[in-house]
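Derivation of every value follows stated rules applied to the coordinates shown; laboratory data play no part. Model, not experiment: these values are computed from the prediction. Neighbour counts run over all protein chains shown; Cβ positions are idealised from the backbone, glycine included.
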Amino acid sequence: MANLIALAAGLLFGSGLALSGLNDPARVRGFLDIRGNWDPTLVFVMMGAVAVMMLAWAMQRRARAPLAASLFDLPSTTKIDAKLAVGALLFGTGWGIGGLCPGPAIADLAVRPANAILFVASMLAGMALHRLTTR
């Protein structure tokens, strides 16, 4: 059951990315280019995502457990440290340069594989490097 829920959530997420244009690197770069030809359409996508998360957090506070697990797997800390700041900086830099972040990049493997494969390969290499250097 948990695998079916994960599959449905992944399909919904990927569909939302494609529908919103968040998997289009040109649109993402246009959104990030606030001093040039700025494309504000992704503001509405982000507002929708924030609204959905606000609803999800409100529901989580009232629920004992998620539907397909015995308990919620929530972060144990809210501390902002150097690792988090550097990670956010690397994420933002990669997003700005590539016009993709992990979710849209994976979705683009199905839609535009030639454009996404280098990004995904680099992302996986970075994840492996992180795993090797943080043991």
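Quick notes on this structure:
- Among the residues making up the range 116-125, those that are closer than 13 Å to C101 by Cα and either of a type outside the set (S, T, N, Q) or more than 18 Å from the chain's Cα centre (by Cα) (or both) are A116, I117, L118, F119, V120, A121, M123, L124.
- Note on the range 14-24: residues that are surrounded by fewer than 20 Cβ atoms within 10 Å (Cβ to Cβ) and touching a residue at least 24 places away in the same chain (Cβ under 8 Å) total 4.
- Residues of the range 64-123 satisfying the condition of being touching a residue at least 40 places away in the same chain (Cβ under 8 Å), loosely packed, with under 11 Cβ neighbours inside 10 Å and of a type in the set (G, A, S): A69
- Condition broken by D108, with the remaining ones in (1) farther than 25 Å from A9 by Cβ; (2) part of a helix (DSSP H, G or I); (3) acidic (D, E) satisfied: (1)
- Residue in the range 27-50 that is over 14 Å from the mean Cα position of the chain (by Cα), under 28 Å from H130 (Cα atoms) and surrounded by 12 or more Cβ atoms within 10 Å (Cβ to Cβ) present: yes
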